[in-house]
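Comments concern the structure below.
The values are calculated or read from the model by the stated rules, or taken from the named source; none is laboratory data. The model shown is predicted, which means the values in this text are computed figures rather than measured ones. Neighbour counts run over all protein chains shown; Cβ positions are idealised from the backbone, glycine included.
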Amino acid sequence: MGATPIKVPTMAELFAAGETADILFWVGCAGSFDDRAKKVTKAMAKILHHVGLKYAILGTEETCTGDPAKRAGNEFYFQMQALQNIQVLNMYGVKKIVTACPHCFNTLKNEYPELGGDYQVVHHSQLLQELINAGKLKVEGGSFKGKKITFHDPCYLGRANGVYEAPREVISKLDMEFTEMKRSKAKGLCCGAGGAQMFKEAEPGNKEVNVERSAEALALHPDIIAVGCPFCNTMLTDGVKHFEKEATVKVFDMAELIAQANDL
Amino acid sequence: MISSIIFIVVFLSAFAFFGFKILKIRRNILLGRNTDLSGNKGQRIKTMLMVAFGQSKMTARPIPFIMHFFIYAAFLITQIELIEIMIDGSTGQHRYIWHLVEGSFLGSIYTFTINFIEILSVLAFVATIVFLSRRNIIRLARFQKPEMKGWPSKDANIILFGEITLVTCIMLMNSSDVALQRLGVFHPTDTLIISRAIADLWAGIPKETLLIMERIGWWGHILGILGFMVYLPFSKHFHIFLAFPNTYFSNLLPKGQLTNLSAVTSEVKLMLDPTADPYAVPAPDQNAAPVKFGAKDVQDLTWKNLMDAYSCTECGRCTAECPANITGKKLSPRKIMMDTRDRLEQVGRNIDKHGKDHQDGKSLLFDHITEEELWACTSCNACVQACPVNINPLEIIIELRRDLIMEQSKAPSSINTMLNNIQNNGAPWQFSPQDRANWAQELNT
Ligand code: SF4
Ligand code: SF4
């Protein structure tokens with residue numbers, strides 16, 4: 001991994017050079033700080049670099065979208081984040097944003113416009129699908145052939161925004177045996193992290209949500225559980241560990257799979 | 001003559017009482033905050049036709065969908081027969097419309113309609129038995145949750161037994177009518193497929209008894225319908241009316257989008273930049289009521305949230321899909337809706353008794369819905385997706401959380417830590433903002 005160094009441009013650098021980016025890669029807090037999610041971020045950056053898109057990140061100018069604050073009920077903290085971010089985004093004249101986090105995706109796409117931030121926002125599954133369909137990204141599923149894969153719908157991509165097909169189309173390119181959980185698409189079961197749950201202990205109950213969901217995925221005997229969200233990634237990785245299946249079942253973000261298929 | 005008078009009095013009193021209750025419910029719903037849902041008429045009508053009239057979201061569970069459809073269709077079609085019952089009841093005639101249309105093309109429509117009602121009634125009868133056994137014998141999990149104990153379960157059974165009584169009365173009325181036709185007492189109708197078969201059982205019963213049976217069926221049917229109407233406003237069965245306006249006023253925005261609190265925007269703008277911000281939203285309305293964030297009681301919710309509460313069928317589809325509930329947490333989105341309705345009814349009764357400004361010291365938050373329930377929600381929208389009448393329990397949960405956090409400063413300590421991190425580090429975890437792009441440096445080596 002990381003054989004050839006990649007220079008990831010920031011908006012500030014492009015701005016200083018009198019240039020702009022066609023698309024902003026919004027990394028998100030998990031993608032920036034969480035060790036597991038950082039791998040997905042790197043995979044995305046490699047793909048963006050590989051296809052030659054004129055992209056950039058905000059770097060240290062990016063801050064939390066405010067999603068967990070809003071879901072916890074603190075509109076003040078949310079709007080403080082949102083208004084600061086919008087100021088930065090508008091300053092750079094950002095038109096299009098891609099992010100690998102469905103929570104950032106939902107907030108940027110649906111909750112920023114009313115505060116003055118209007119952008120075309122896509123989830124990375126949608127961008128990947130676009131790139132594959134346009135022939136800019138080739139996927140030879142060779143290394144994955146014969147493996148079994150299932151996909152866990154992120155609530156904030158699926159039910160919240162009605163995106164069900166893009167991730168499935170991307171995964172289908174990998175030439176694996178795709179198997180669907182009973183609770184999928186609009187009926188998909190949450191991983192347990194949304195609505196600020198990620199940051200607190202669960203209320204008393206008889207089970208953790210991620211254990212319930214991982215059991216459902218593992219019952220299909222997949223080699224890979226594909227995800228499209230850093231929080232689902234954490235939750236399902238933990239769930240697979242709970243059942244001591246981490247040696248045989250891997251949880252991967254679809255960007256990692258596409259990057260691997262391209263030997264990136 | 002006397003029976004006509006009794007009929008008219010009972011009929012009008014039932015309607016008057018129903019109207020009175022409807023106005024009460026309307027008043028209660030309008031205790032809610034205003035929200036403008038007037039636009040997008042075309043899309044709204046389409047949603048209503050699909051979801052309420054077409055029952056599109058019921059199809060997710062095929063068996064109850066078909067069974068419920070029989071009852072729904074039987075209910076709609078039977079109302080046509082009510083026209084003749086009304087005329088007969090108030091004039092003392094027997095099958096007045098049939099006399100008008102017999103022999104004409106309309107006559108065949110009459111016969112077709114009555115047969116159609118009979119067939120649907122039998123199907124509805126079967127469906128009702130299935131529903132009763134799902135609740136009381138098979139005891140499906142979603143009907144056995146704690147919030148269903150007591151009155152809610154009774155309510156469901158009362159209605160189901162009521163339906164059985166209604167169908168039995170219709171069939172008793174029509175079959176003894178046919179038997180009396182055979183004895184030459186009543187003027188014959190065209191063939192009524194099902195009553196004809198039942199009438200065979202009545203062979204040998206004397207004319208006097210048959211006349212009484214026919215009257216019992218007739219009165220039982222009309223009294224049953226009027227009783228059902230009077231009962232509706234007290235029951236989850238009120239959904240048969242509210243499903244229509246409630247789906248008309250459905251949320252048309254992406255489910256993930258939470259409402260924006262514009263009152264907060266102006267304050268935040270001031271905090272961030274006292275010299276005003278060119279990208280900010282327009283200044284808030286100066287005449288707006290004093291700002292309160294979130295909802296502690298039902299009056300702080302929108303009228304749509306309150307209409308949702310009265311529309312809830314207590315079917316538990318939301319709770320059956322709720323990840324928190326599935327894993328044994330106290331949260332049940334159905335209970336959120338039932339609590340909202342119970343509290344609203346309580347507030348309504350207080351207003352009736354003590355006048356408009358009475359405070360009983362209670363509130364929806366704390367007295368009905370606990371913090372533990374609220375914090376168990378993952379905001380996954382499974383409940384919103386599952387609801388057959390487009391109710392949104394999540395919106396109420398978020399409004400109550402807003403009150404907890406912004407008005408009461410009550411949050412689990414881990415949530416406070418997360419919020420402080422966001423404020424201090426621009427991330428929900430304790431990382432330095434300077435390290436945000438470290439991954440990019442790692443890629444560049
Ligand atoms: S949004 Fe909350 S209440 Fe609704 S199903 Fe998900 S966890 Fe349950
Ligand atoms: S909110 Fe909707 S899904 Fe839940 S019980 Fe009420 S009607 Fe059923």
(1) exposed (fewer than 15 other Cβ atoms within 10 Å of the Cβ); (2) under 22 Å from the mean Cα position of the chain (by Cα): which one isn't true of residue B:52, the others all being true? (1)
With respect to residue B:348, is the statement that it is surrounded by fewer than 16 Cβ atoms within 10 Å (Cβ to Cβ) and farther than 27 Å from residue A:201 by Cα true? no
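Yes/no matrix, rows are residues, columns are (1) more than 25 Å from residue A:261 (Cα to Cα); (2) not assigned by TED's automatic domain parsing to the domain that holds residue A:149; (3) not acidic (Asp, Glu):
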{"residue": "A:182", "(1), (2), (3)": "yes, no, yes"}
{"residue": "A:192", "(1), (2), (3)": "yes, no, yes"}
{"residue": "A:197", "(1), (2), (3)": "yes, no, yes"}
{"residue": "A:201", "(1), (2), (3)": "yes, no, no"}
{"residue": "A:211", "(1), (2), (3)": "yes, no, yes"}
{"residue": "A:217", "(1), (2), (3)": "no, no, yes"}
{"residue": "A:230", "(1), (2), (3)": "no, no, yes"}
{"residue": "A:234", "(1), (2), (3)": "no, no, yes"}
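Just name the residue that is nearest to the other protein chains (Cβ to nearest Cβ) out of those in segment B:307-320 that are assigned to a helix (DSSP H, G or I) and within 8 Å of ligand 2 (Cβ to nearest atom).
The selected residue is B:317.
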Of all residues making up segment B:361-379, the number that are out of contact with any Leu (no Cβ under 8 Å at 6 or more places or on another chain), within 16 Å of ligand 2 (Cβ to nearest atom) and closer than 21 Å to residue A:196 by Cβ: 0
The condition of being at pLDDT 95 or above and over 24 Å from the mean Cα position of the chain (by Cα) holds, among B:293, B:366, only for B:366
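Do we have residue A:86 as facing chain B (nearest Cβ under 7 Å) and touching a residue at least 24 places away in the same chain (Cβ under 8 Å) here?
yes
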The condition of being farther than 26 Å from residue B:7 by Cβ and in contact (Cβ under 8 Å) with a residue 60 or more places away in the chain holds, among B:114, B:129, B:119, B:85, only for B:119
Hand me the list of helices (runs of 4 or more DSSP H) wholly inside segment B:321-426 holding 1 or more residues that are in contact (Cβ under 8 Å) with a residue 40 or more places away in the chain and either more than 13 Å from every other protein chain (Cβ to nearest Cβ) or charged (D, E, K, R) (or both). B:333-354, B:371-375, B:393-402
Taking residue A:38, is it facing another protein chain (nearest Cβ under 7 Å) and among the basic types (Lys, Arg)? yes
Out of all the residues in segment B:4-15, is one or more in contact with a Ser or Thr (Cβ under 6 Å, 6 or more places away or on another chain), in contact (Cβ under 8 Å) with a residue 40 or more places away in the chain and of a type in the set (A, V, I, L, M)? yes
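Listed here are the residues, each with its yes/no results for (1) within 13 Å of ligand 1 (Cβ to nearest atom); (2) within 27 Å of residue A:34 (Cβ to Cβ); (3) not aliphatic (A, V, I, L, M).
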residue: B:384; (1), (2), (3): yes, no, no
residue: B:388; (1), (2), (3): no, no, yes
residue: B:404; (1), (2), (3): no, no, no
residue: B:408; (1), (2), (3): no, no, yes
residue: B:430; (1), (2), (3): no, yes, yes
Evaluate the following for residue B:304: is it more than 16 Å from ligand 1 (Cβ to nearest atom) and in a helix (DSSP H, G or I)? yes
Condition check for residue A:29: under 20 Å from the mean Cα position of the chain (by Cα), under 24 Å from residue B:380 (Cβ atoms), part of a loop (DSSP other than H, G, I, E, B) and within 7 Å of chain B (Cβ to nearest Cβ): no
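Condition (residue is of a type in the set (Ser, Thr, Tyr) and buried (at least 17 other Cβ atoms within 10 Å of the Cβ)) applied to segment A:4-16: is it met by at least one residue?
Yes - at least one qualifying residue is present in segment A:4-16.
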Please state which one of A:158, A:205, A:188, A:194 is within 7 Å of chain B (Cβ to nearest Cβ) and either in contact with a Lys or Arg (Cβ under 6 Å, 6 or more places away or on another chain) or modelled with pLDDT of 95 or more (or both). A:205
Residues that are at the interface with chain A (Cβ under 7 Å from one of its Cβ atoms) and within 22 Å of residue A:196 (Cβ to Cβ), drawn from segment B:427-445: B:427, B:428, B:429, B:431, B:433, B:436
What tally of residues in segment A:57-83 results from selecting those that are more than 8 Å from chain B (Cβ to nearest Cβ) and surrounded by fewer than 24 Cβ atoms within 10 Å (Cβ to Cβ)? 2
Please work out if residue B:132 is touching a Lys or Arg at 6+ places or on another chain (Cβ under 6 Å) and assigned by TED's automatic domain parsing to the domain that holds residue B:195. no
Taking residue A:46 and the conditions (1) surrounded by fewer than 24 Cβ atoms within 10 Å (Cβ to Cβ); (2) at the interface with chain B (Cβ under 7 Å from one of its Cβ atoms), which numbered condition does it fall short on, given that it satisfies the others? (2)
Within segment B:131-151, is there a residue that is touching a helix residue (DSSP H, G or I) at 6+ places or on another chain (Cβ under 7 Å), modelled with pLDDT of 95 or more and among the small types (Gly, Ala, Ser)? no
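Can you pull out every residue in segment B:332-353 that is closer than 17 Å to residue B:242 by Cα and within 16 Å of ligand 1 (Cβ to nearest atom)?
Going through segment B:332-353, the residues closer than 17 Å to residue B:242 by Cα turn out to be B:334, B:337-338, B:340-342, B:344-345.
Passing the criteria: B:334, B:337, B:338, B:340.
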